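Q: Sending over a structure as structure tokens; questions will come in a sec.
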Amino acid sequence: MEELRQQIDEHTVAWALLRFQVGGGTFVRTKMVLIHCNGVATPVMQRGLLNARSHEVLHHLGEVHASIEVTSSKELTLEYLCERLLRLFACDDMDYSLQALRQEYTNMVAQTEEAARKRAEEEAAAAAAAAAAAAAAAATAAVEEATPQALEEPQSRQEQVRSGADLSADEALQSVSADGGAFNWLLLEPSRALFKAGQGGLEEMKEQLADERVLFGVLRLTFGRAQGANGGRPAHGITKHVFVHWAGPRTSIVRRGIWNAKAGEVAAFVGKACSITFRREAQSLKDLQLDDIIMECRRLSVIDNVAAANGMAASRISVEEYRIAMAEEARERQAADERARKQKRQLDLQRAEEEQRQWNVEPLELNEEQAPEAEDTKVALPDLATAVGAVRDPAGGWNWVLCGWPQVEAALLPPSPCRAIRS
């Protein structure tokens, strides 16, 4: 319903069919709800003409258990919908309170989204397997190995946020603690297992903080780049590590107490790999402002009389210097990715030449401009009957459909039937 709500246009009249499903197994109950979106900002003449065609829409959408009318997306709330449907479930001898009905529907939507995600993963895996089989078959034809598909750029290992599923906490911690490491932040579970790690700095780390969790993070802050000896390749500037203790605002009191008790163990685990400048506790994203964190780093550096290598003073610790260092790290990663791409391309060419020699085939001239353009991945909308059928099916892939007529200019509207027509 929240997804449908975002599609409502207050400047036109539309009709939606929503599948409201609660319960599970043999106790699942499904209600079909018609939502008449009578846009509050729709011109009067256009509204009247479109509403006069409601019977055409209802013919396609079919019978429903309940019908409601809204004039804006603000009116279509889950509480309002549950209030209208509560009496229908009471007639089915299902004793629901308003809060229980809302929770049941929320759980059902979550289960539907999870099932859709699994189906998408299975389809992607099947497509990948088919692509791998096709690539293996093409390799036997010799010349196919030299096609532009062999020159696709390798996906960078650092272009995405990594999780504990494919990276250990020790590996991530060593990377964050090292100057120029692949990751500049990480988040640990209270059990010291890795939750997330990435290379996008503080802002990227904040995006991964979960409201219902207690997490412990390590953030590497690098300020500026110190010029290498004899004018050589630039080296890293001042580096600081900040320990972040995050307690999500939606974490239950009991769990927060249990998980917060693990802070000492996690801090000791982190301290074995890197030196922590200071610790920051946060219960909201406002507690993790870049300016405040950098100001505290600078204050402590001045107090401790810490000077960075190559004569860099603590005064270099600033937001500007931090952004310079982040940009330099990004350039270095891009250069490393480019080197990896060229190495892969060279290996693919060598492999293709070996296959060509084996099959006695003339080598093909290859260049990067020959790579096929990406196909348009935009998915076309199905016809109305197919969409309605999927919504009405309890196991259908969609649980709502929105339909109506395209907006037209007022001058193109037919004359009012109330107006006399002169011969």
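A short reminder: the numbers here are calculations on the coordinates, not readings from a lab. The model shown is predicted, which means the values in this text are computed figures rather than measured ones. FYI the Cβ positions are ideal-geometry reconstructions off the backbone, even for glycines, and counts take in every protein chain you see.
Q: Rounded, prolate or oblate for region 1-73? Axes are the square roots of the Cα gyration tensor eigenvalues, ordered a ≥ b ≥ c, and the cut-off for rounded is a/c under 1.5.
A: Oblate.
Q: Scan around Phe183 for amide H atoms under 5 Å from its own, H built in the peptide plane at 1.01 Å from N, and keep only partners 5 or more places away or cross-chain.
A: So Phe183 has HN proximity to Val176.
Q: Quote the FRET efficiency, to the nearest 0.05, computed for Glu56 versus Ala327 with a Förster distance R0 of 56 Å and r equal to the Cβ-Cβ distance.
A: It comes out at approximately 0.45.
Q: Hey, rough spin-label estimate for Ala210 and Ala129, points 7 angstrom out along Cα→Cβ, what's it come to in nanometres?
A: Calculated label separation equals 3.0 nm.
Q: Next up: Hey, fewest Cβ within 10 Å first, where do Asp383, Asp170, Asp348 land in order?
A: Final ranking by Cβ density, sparse to dense: Asp383, Asp170, Asp348.
Q: Residue by residue through region 319-330, what is 3J(HN,Hα) from phi via Karplus (6.51 cos²θ - 1.76 cosθ + 1.60, θ = phi - 60°)? Round to whole Hz and write x for glycine and proline.
A: Couplings: 5, 4, 5, 5, 5, 4, 5, 4, 5, 5, 4, 5 Hz.
Q: Estimate the FRET efficiency between Glu281 and Glu320 by the formula 1/(1 + (r/R0)^6), using the beta-carbon distance for r and 30 Å for R0, to the nearest 0.05.
A: For R0 = 30 Å, the calculated efficiency reads 0.65.
Q: Tell me, what is the FRET efficiency for Glu338 and Ala120 to the nearest 0.05, using R0 = 22 angstrom and their Cβ-Cβ distance as r?
A: My answer for the efficiency is 0.10.
Q: Let me ask you something else. Which residues' amide hydrogens lie under 5 Å from the amide hydrogen of Gly224, considering only partners 5 or more residues apart or on another chain, with H built in the peptide plane?
A: Here the answer is Tyr322, Ile324, Ala325, since their amide H atoms fall under 5 Å of that of Gly224.
Q: Could you give me the ³J(HN,Hα) list for region 255-260, computed from phi with Karplus coefficients 6.51, -1.76, 1.60 and θ = phi - 60°, whole Hz, x at Gly and Pro?
A: Karplus values, whole Hz, x for Gly and Pro: 5, 4, x, 5, 6, 4.
Q: Moving to a separate point now. Could you please rank Cys403, Cys274, Cys37, Cys82, placing first whichever residue has the fewest other Cβ atoms within 10 Å of its Cβ?
A: Cys403, Cys274, Cys82, Cys37
Q: Still on this structure, I have one more. Pulled fully out, how much extra length does the chain show between Lys74 and Asp383, if you take 0.36 nm times their separation in residues and subtract their Cα-Cα distance?
A: Taking 0.36 nm per residue and subtracting the Cα distance, the gain is 108.4 nm.
Q: Can you work out the Karplus-derived ³J(HN,Hα) for every residue in region 181-194? Use 6.51 cos²θ - 1.76 cosθ + 1.60 with θ = phi - 60°, whole Hz, and x for glycine or proline.
A: x, 4, 10, 10, 7, 8, 10, 10, 6, x, 7, 6, 7, 6
Q: Next question. What full-extension length gain, to one decimal in nm, is calculated for Ser97 and Val44 as 0.36 nm per residue of separation minus the Cα-Cα distance?
A: 15.1 nm
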